[in-house]
Amino acid sequence: MTSIETGSAEHIYETLYCARGQAENLIKLHKAQLASDRTSCGSPLANQMRRILHTAAYWLILTARDAIPKAHALVAAKFATLRLRLLKLGARVIETASRFRLAFAAACPDARLIRHIAAGMMPAAP
């Protein structure tokens, strides 16, 4: 039931109701998957800093998930799955003057996907 008089029922459902539901799902991901509702520090400033860091992690994982190709199985994965499959990996970091290189184990199943995500998240050249 709504008091909105303009637009069809389908339009209202697709543009307003579904968008609100998606926003609630993203908030739930932020709280549940990243434990961002933990404010166990004694200082309010420390708790605020914790929230800021959790939000930065949230945007980083959301951006990484958006960079996954649409045909890949991880495109709709939860944050906890992405953290386990893409972030909790062992790799050798090789640092040179102009770049960082990651050397994955030969048996790493998601090395190609990680390279694709890193290339997709790289800023455009000026």
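The values are calculated or read from the model by the stated rules, or taken from the named source; none is laboratory data. This structure is a prediction, so every number in the text was calculated from the model and none was measured. Cβ sites come from the backbone with ideal geometry, for glycine too, and all protein chains shown count toward neighbours.
Within the set ALA80, ALA111, the sole residue that is under 29 Å from ASN25 (Cβ atoms) and either in contact (Cβ under 8 Å) with a residue 12 or more places away in the chain or surrounded by 13 or more Cβ atoms within 10 Å (Cβ to Cβ) (or both) turns out to be ALA80.
Scanning segment 14-36 for residues that are more than 18 Å from ALA77 (Cα to Cα) and surrounded by 13 or more Cβ atoms within 10 Å (Cβ to Cβ), we see that the one that is modelled with the highest pLDDT is LEU16.
The residue that is farthest from the chain's Cα centre (by Cα), among those in segment 52-69 that are small (Gly, Ala, Ser) and over 12 Å from ALA118 (Cβ atoms), is ALA56.
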